[in-house]
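As structure tokens, the structure follows; a few thoughts come after it.
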Amino acid sequence: TGSFRLGPFADKDRENEKKKKSVICVEGNIASGKTTCLEFFSNTRDVEVLPEPVPKWRNVRGHNPLGLMYRDASRWGLTLQTYVQLTMLDLHTRAQTLPVRLMERSIHSARYVFVENLYRSGKMPEVDYVVLSEWFDWIVRNIDLSIDLIVYLQTTPETCYQRLKMRCREEEKVIPLDYLAAIHCLYEEWLIKGSLFPVAAPVLVIEADHNMQKMLELLEQNRHRILTPENRKLGP
């Protein structure tokens, strides 16, 4: 039904409980079921849903940096990820109007998974990687990007690849299985092994290789654990 990794955050329970508003980030590979999760909770009272700003990444004053990056990552990786960092920062800092905010991914996964993958795969020069990292580090030091819970939809790359084939996003037609496998490995290093980068909040892991009906059942089973982050103390 889902499992928790508390890590070093148990001592922050009292601090987090003082907050009237909670921020939950839904993380996972491409086609892991993040949109399904957000849509499932979108009609829940007192919950605001912030999808990834993919339309912005597809159209910046008539340009499509997302499509360009997938076609030639070495040339356009920095361009896209600079804009991703800006637009995700905009989401994080947007005034929260309801008690619970459910975000699709975060500025953290943009840096720790997608930028990291570009660099490790040799498609981003070190100078680009360093400049993006400096920007990210400054943002994290100087701006409150507090997150109360990370929901990690854990999938196999093969499942994501099959789902990609069934949906009709033009930019994704060129994504190979190897790319999904690399993204999966970085998510596992970051959120499961805890060996890559700092984890911004406790992690609730939900196995997400299932069909739609089973996924909806799992989301319902985990509703209170997801929408009431202090329930993380209850464990599995």
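Quick rundown of the values:
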{"quantity": "In degrees, nearest ten, helix 73-93 long axis to first principal axis of the chain (Cα)", "calculated": "30"}
{"quantity": "Distance violations [Cα-Cα > 27 Å] among 173/193; 123/193; 56/165", "calculated": "173/193"}
{"quantity": "Separation of alpha-carbon centers, the stretch 147-165 and the stretch 30-91, rounded to whole Å", "calculated": "15"}
{"quantity": "Average Cα contact separation per residue, the stretch 147-236, under 8 Å, 6 or more apart, as relative contact order %", "calculated": "41"}
{"quantity": "The chain: calculated mean residue ellipticity at 222 nm from DSSP helix runs of at least 4, using -39500 (n - 2.57)", "calculated": "-12500 deg cm²/dmol"}
{"quantity": "For residue 151, distant residues with modelled amide H under 5 Å away", "calculated": "25, 26, 27, 204"}
{"quantity": "Taking the stretch 3-230 and dividing mean pair separation by its residue count, relative contact order in percent (alpha carbons under 8 Å, at least six apart)", "calculated": "33"}
{"quantity": "Residue 220/residue 178 FRET efficiency (R0 22 Å; Cβ-Cβ; nearest 0.05)", "calculated": "0.05"}
{"quantity": "Inverse of mean 1/r across different Cα pairs in the chain, Kirkwood, Å", "calculated": "18.3"}
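Coordinate-derived values only; no laboratory data. These numbers come from a predicted model, not from an experiment. Note that we place each Cβ from the backbone using ideal geometry, even for glycine, and neighbour counts take in every protein chain shown.
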